[in-house]
Amino acid sequence: MMIYGTALLAICTLIGISIGEELGSFLGVKANVGGVGFAMLLLILTTSWLIKRGRFRPLSAEGIQFWSGIYIPIVVAMSAKQNVVVAMKGGPAAIVAGVLGVGISFAMIPYVNRIGAPKDALPAMLEEVPTENMR
Amino acid sequence: MIELLRHTMEANGLLTAFVVVGVMMWVSNWISKTLTGGRLHGSAIAVFGGLILAYVGGVTTGGKNGITDIPFFAGIGLMGGAMFRDFAIVATAFGASFEDLKRSGVSVMIALALGITVSFVSGAGAAYAFGYHDAVTLCTIGAGAATYIVGPVTGTALGASSEAIALSIAAGLVKAIVVMIATPHLAKKLQLNNPHTAMVYGGMMGTHSGIAAGLQATDPKLMPYGLMAAAFYTGLGCLVCPSIFYFILLRLLP
């Protein structure tokens, strides 16, 4: 059932965010420390464990894939509710922040690429090429 | 009739939000295809459209919550709120596997760690140079320079202002656009023609939409490799930015 996937996703998100909250109060900061990251970690671990045991049906996966498929629209909605008028004065900072990192990152790729070749050939992932323009 | 529809749409805000954002996505994809020949991904145009909408809302109402201060668009606040956002972002991790990451070699892991650090440091550094000096704002913009997802997640986690979150989205958006446009031109120089390099590239860049569009224009067969690294980048970013990086910033700032 599709809801199994969605429920699993919700459990992982709730636990992850709880870990972040707990870690925040443990470390004495008013923040959710890495909650979403923990949640993602949990989701990867639980789903790959279930898939390996053949307990995760494609239909359950659809209950997760729907949400991953609409993350861009959700980010669009999130952008539309920000205080952009006040943020405008920081526009140049945002542009420099964006460009600077990309420039350095591009320059580093050849060096990182040379560090270590993969042990085995990477698996073919052709079938996973998204046909749609956008997730 | 129109009054009735308007009333219904206001009373069912979340559904109205789905319609509004759906139309925005459609228009953005159309612009992407016809005006940019697909070079600028529809997703980047749509996120930009979201920021414009927020600006319009702010100017017309004088409020702080972008377009959602207009009652008709209030549902966008729920759709783009922290709950749905975190839920959808966690979902993007589905399909990534640690075994594939291990198999791809140590260079991809180095690329991930280095990619996030480089983007964060240059983003936070730029923000500092432009006069933002509090740890929460710097951390949010630095995380935004990683991706426009890691930025807002970090900002919300740290209780940043909406202004800081807007800037982090903008920084991530600029990054995504640069990656989209530059990748096909740099592909030859970077020898971006094999799965391994695609994963290193994905790990260094991390921006899902930028990588998707960049590799689509370079060699669509490389897309899944770059995108898998991007999924790990997002996860790692959401993990380290509002934690380790934030604590380091707290230490560094007076």
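Readers should treat all values here as calculations from the given coordinates under stated rules, not as data from a laboratory. Computed from a predicted model, the values in this text were never measured in an experiment. Reconstructed Cβ throughout: ideal geometry from the backbone, glycine too, with neighbour counts over all protein chains shown.
Between the stretch A:37-64 and the stretch B:192-254, what is the C-alpha centre distance in whole Å? A separation of 22 Å, based on Cα centres. Seen against the Cα atoms of chain B and their longest principal axis, helix B:135-146 is set at about 70 degrees. Computed over all pairs of different Cα atoms, the Kirkwood value for the hydrodynamic radius of the stretch B:79-169 is 14.1 Å.
Look at the stretch B:173-184: the mean tally of other chain Cβ atoms within 10 Å of its residues' Cβ atoms is 4. Would you work out if the stretch A:1-81 is rounded, prolate or oblate? Take a ≥ b ≥ c from the square roots of the eigenvalues of the alpha-carbon gyration tensor; rounded if a/c is under 1.5, else prolate when a/b is larger than b/c, oblate otherwise. Since a/c reaches 1.5 but b/c is at least a/b, the shape of the stretch A:1-81 is classed as oblate. In plain terms, the chain from B:GLU99 to B:LEU253 could stretch by 51.6 nm, reckoned as 0.36 nm per residue minus the Cα-Cα distance. Shown for B:ARG6, A:ARG53, B:ARG39: other C-beta atoms within 10 Å of each C-beta, ranked fewest to most, produce the order A:ARG53, B:ARG6, B:ARG39. Normalised by the number of residues in the stretch A:1-81, the average gap of Cα pairs under 8 Å and 6 or more apart makes the relative contact order 36 percent.
Comparing B:THR61, B:THR92, B:THR117 in a Gaussian network model of chain B where C-alpha atoms under 10 Å apart are linked, the largest mean-square fluctuation is found at B:THR61. Shown for B:LYS64, A:LYS81, A:LYS52: other C-beta atoms within 10 Å of each C-beta, ranked fewest to most, produce the order A:LYS52, B:LYS64, A:LYS81.
When Rg and the Kirkwood Rh are both derived from Cα coordinates, the Rg/Rh ratio for chain B amounts to 1.00.
Extending 7 Å from Cα along the Cβ direction at B:THR36 and again at B:VAL59 yields two label points whose distance is 2.2 nm.
In the structure displayed, which of A:LYS52/B:LYS33; A:LYS30/A:LYS81; B:LYS33/B:LYS102; A:LYS30/B:LYS102; A:LYS52/B:LYS175 lie more than 32 Å apart, Cα to Cα? As for pairs spanning more than 32 Å Cα to Cα, those are A:LYS52/B:LYS33; B:LYS33/B:LYS102; A:LYS30/B:LYS102; A:LYS52/B:LYS175.
Inter-chain Cβ neighbour count for B:51-63, averaged per residue, equals 4 (cutoff 10 Å, partner chain atoms only). Annotation for the stretch B:47-85 versus the stretch B:1-41: alpha-carbon center distance of 14 Å. Dividing the summed helix terms, -39500 (n - 2.57) for each DSSP H run of n ≥ 4, by the number of residues in chain B produces a 222 nm estimate of -25000 deg cm²/dmol to the nearest 500.
Neighbour counting of Cβ atoms within 10 Å sorts the residues B:ILE52, B:ILE177, B:ILE244, B:ILE2, fewest neighbours leading, into B:ILE2, B:ILE244, B:ILE52, B:ILE177.
Across the stretch B:98-252, C-alpha contacts under 8 Å between residues 6 or more apart give a mean separation that, scaled by the residue count, equals a relative contact order of 25 percent. Let me make sure I get this right: for the protein assembly as shown, a, b and c are the square roots of the gyration tensor eigenvalues over alpha carbons, sorted descending. Under 1.5 in a/c it's rounded, otherwise prolate if a/b > b/c, else oblate. Which is it? Rounded, since a/c falls under 1.5.
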